[in-house]
Amino acid sequence: MATYVAVFALVLAYAALVAAYAALRTLAKLRRATRVLAKGARGEESHASLLETTQRHDERIEVVSDEVEALRGHIETMLGTTPGDAPGALRNIALVRYDAFTEMSGRMSFSLALLDEKGDGVALSAIAGAGDTRVYAKGVSAGKGEHELSPEEQQAVSAALAKRRSLLARRAS
């Protein structure tokens, strides 16, 4: 019996040593990570804190954002209109996801309507099957399909046209 107790104590001691070793390695990784964060983004010679580094990045993002806005204004001045108001711009977009087959789940199939301000455009459908995916495109003119639209395609076109109506209502008010 004493032998069993001694063997059990040795196994328990070994398990404790392995757990202690794992804890020390984790602690060492945490210390390294803390040192890296404390040094900042520029490396060993920089003594910037994480907060200072974050503030520098925020300032850079703000500068880039201002440059993008200036470029957008320049484009609008050149065109004389906003890009969304350009004739033929695809501004009414709607997506409908669904399960085309009972054996496929996750709503991997979809129908996408891309329409301009007049309701002209295209309805794209991707039907995901077990072994392949098929893609279909159908023209849309004044909100009606040039070929018969599936229920999901019609739902996407209707949703895109509803966005157009709400946009027109907002402009009118």
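The values are calculated or read from the model by the stated rules, or taken from the named source; none is laboratory data. Keep in mind that what you see is a predicted model, and the values were worked out from it rather than measured. Note that each Cβ is placed from the backbone with ideal geometry, even for glycine, and that neighbours are counted across all protein chains shown.
Name the one entry in ALA16, ALA38, ALA28 that is in a helix (DSSP H, G or I), surrounded by 11 or more Cβ atoms within 10 Å (Cβ to Cβ) and either at pLDDT 85 or above or of a type in the set (Gly, Ala, Ser) (or both).
When all the criteria are applied, what remains is ALA38.
Only residues that are touching a strand residue (DSSP E or B) at 6+ places or on another chain (Cβ under 7 Å) and more than 11 Å from ALA156 (Cα to Cα): list them for segment 102-115, please.
MET104, ARG107, MET108, SER109
What strands (runs of 3 or more DSSP E), lying completely within segment 83-159, carry at least 2 residues that are among the small types (Gly, Ala, Ser)?
109-115, 121-128, 133-141
Going by the conditions given, is ALA89 surrounded by 13 or more Cβ atoms within 10 Å (Cβ to Cβ), at pLDDT 75 or above and over 21 Å from the mean Cα position of the chain (by Cα)?
no
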